[in-house]
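Okay, structure first, notes after.
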Amino acid sequence: MNKIVKVGVTLLIISSFAATSLAVVNKITEPKIAEYEAKVLEDALKEVSGEFEVGSQREISSNDTIKALYLLEDNNGEHTGYILQLEGTGYGGPMTLMAGFLTGGEIIDAKLLNNSETPGLGKKAENKTYMDKFKMTGSLEKEVPIKKEMLDKGDADAVSGSTVTFSGIAKTLAKGSEYVKNLGGK
Amino acid sequence: MADTRKEVFTKGIFKENPVFIIMLGLCPTLGVTTQVVNGIGMGLGVIFVLTFSNVFIALLKDFIPNSIRIPAYIVIIAAFVTIVEMVMHAYVPAIYNALGIYLPLIVVNCIILGRAEAFASNNSVYDSFLDGIGMGLGFTLSLILIALIREVFGNGTITLIAMGSFDGVIKIPLLYNYPIRILTLAAGALLLMGYLKAFFNWYSSRKQETI
């Protein structure tokens, strides 16, 4: 009995020391981390909003793909589109995307955020020009190119070697576009 | 202890190199070494955790009952890893993002628990401190070596820390246009590890023969 108490108390002392030191470090680093996360989010929103202003966030019931929704407005405060935070699957696992849409479902711009794609191959999707091939697709007339064959020759060559990343991004964006169309401009 | 202080410190770098000789912690080694800067970041994290956990375990070795030594070690190691994780997230977010899941996984990195169990639990505080730094340095240098080869040949670049006008990326003329892609992929990591291990085996066996 005594032995168990001694062992338990020892573990308790070690754990409480560990917890206390973690609490202190957390107190110091927490505001910095929050600041950084907010800046990343703000930059990403700005980058995919085109010429519009980023409005407020709307509460939605998120599913596997759609994680968050922000409203887009023009200078007069008129509602013109949405920004969706999307989650898809690439070659290296889950990827987070931020994409702006017009109310009709056309993609304004998109940006690849957190991902574990292969450097030099899939990771190239982080470049700004990568998303050019998706811009203004997603309308009723022009769907999002989810297969390599739907791209121009030059774009198709550019994604070869990282087809899984490409189709992961494309399918996620297409789902986002569908979601926006179903909102019907509201 | 037959080892002198100097030996305690230097054995981690070559003679008992954690990656190439003892072959511990290979998973993060192969996982993060796609860019030199990741190797440096991971290495510094491991040096910090290894040194402090070694010191604390050596300090507490008479206080911790034998029957619960592993859980106690894990709690101490996990606390230091979490500190490293929070500090990196706050001050060097780029490296924090690049290291991803491998950073929290330092907790179960066999090098750290291995050194705690094999060295710190029956050596003095000062020796454990030297062992932690030496082993950590050996690990860091190994990571940098693997990362350097993989990045130079696989991507044609050397990525260091961005400072001022220097964006941290050095491009290597010919290789940048014609890289050997396989080296940046998982298969290339294993291939390279095999070659380096063969080299270290050849080198240490040759050394023994001359003695």
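Residues in region B:121-139 that are under 17 Å from B:I22 (Cα atoms) and open to solvent by less than 10 Å² (accessible area, probe 1.4 Å) were compared, and the one that is farthest from the chain's Cα centre (by Cα) is B:D131. Return a yes/no flag: does region A:173-185 have any residue that is touching a helix residue (DSSP H, G or I) at 6+ places or on another chain (Cβ under 9 Å), within 19 Å of A:L86 (Cα to Cα) and open to solvent by less than 10 Å² (accessible area, probe 1.4 Å). Yes, there is a match, as at least one residue in region A:173-185 is touching a helix residue (DSSP H, G or I) at 6+ places or on another chain (Cβ under 9 Å), within 19 Å of A:L86 (Cα to Cα) and open to solvent by less than 10 Å² (accessible area, probe 1.4 Å). Going by the structure shown, is A:K32 of a type in the set (K, R), free of Cβ contacts under 8 Å to residues at least 40 places away in the same chain and assigned to a helix (DSSP H, G or I)? So A:K32 passes the test. Among the residues of this structure, B:L26 counts as one that is surrounded by fewer than 19 Cβ atoms within 10 Å (Cβ to Cβ) and under 14 Å from the mean Cα position of the chain (by Cα).
Condition test on A:T96, is it at pLDDT 85 or above and under 14 Å from the mean Cα position of the chain (by Cα)? So A:T96 passes the test. Could you run through region A:159-172 and say how many residues are under 14 Å from A:L121 (Cα atoms) and either open to solvent by 20 Å² or more (accessible area, probe 1.4 Å) or out of contact with any strand residue (DSSP E or B) (no Cβ under 8 Å at 6 or more places or on another chain) (or both)? Residues that pass the stated criteria total 8.
Of everything in region B:141-156 that is open to solvent by 10 Å² or more (accessible area, probe 1.4 Å) and within 15 Å of B:L30 (Cα to Cα), the residue that is nearest to the chain's Cα centre (by Cα) is B:L141. Got at least one residue in region A:95-116 being touching a residue at least 60 places away in the same chain (Cβ under 8 Å), within 14 Å of chain B (Cβ to nearest Cβ) and open to solvent by 10 Å² or more (accessible area, probe 1.4 Å)? Yes, that holds for at least one residue. For region B:12-24, does any single residue satisfy the condition of being touching a Ser or Thr at 6+ places or on another chain (Cβ under 7 Å) and in a helix (DSSP H, G or I)? Within region B:12-24 (the criterion being touching a Ser or Thr at 6+ places or on another chain (Cβ under 7 Å) and in a helix (DSSP H, G or I)), the answer is no, since none of the residues qualifies. Within region B:80-118, the set of residues being at pLDDT 85 or above, within 11 Å of another protein chain (Cβ to nearest Cβ) and surrounded by fewer than 16 Cβ atoms within 10 Å (Cβ to Cβ) comprises B:Y91 only. Of note, B:L59 satisfies the criterion of being modelled with pLDDT of 90 or more and either surrounded by fewer than 18 Cβ atoms within 10 Å (Cβ to Cβ) or assigned to a loop (DSSP other than H, G, I, E, B) (or both). Residue-level check: of (1) charged (D, E, K, R); (2) more than 10 Å from chain A (Cβ to nearest Cβ); (3) closer than 26 Å to B:N38 by Cβ, B:D62 misses just (3).
The values are calculated or read from the model by the stated rules, or taken from the named source; none is laboratory data. All values derive from a computational prediction rather than experimental measurement. Here the Cβ is made from the backbone with ideal geometry for all residues, glycine too, and neighbour counts use every protein chain on show. Surface accessibility is based on the protein's heavy atoms, side chains included, excluding ligands, DNA and RNA. Shrake-Rupley method; radii C 1.70, N 1.55, O 1.52, S 1.80 Å.
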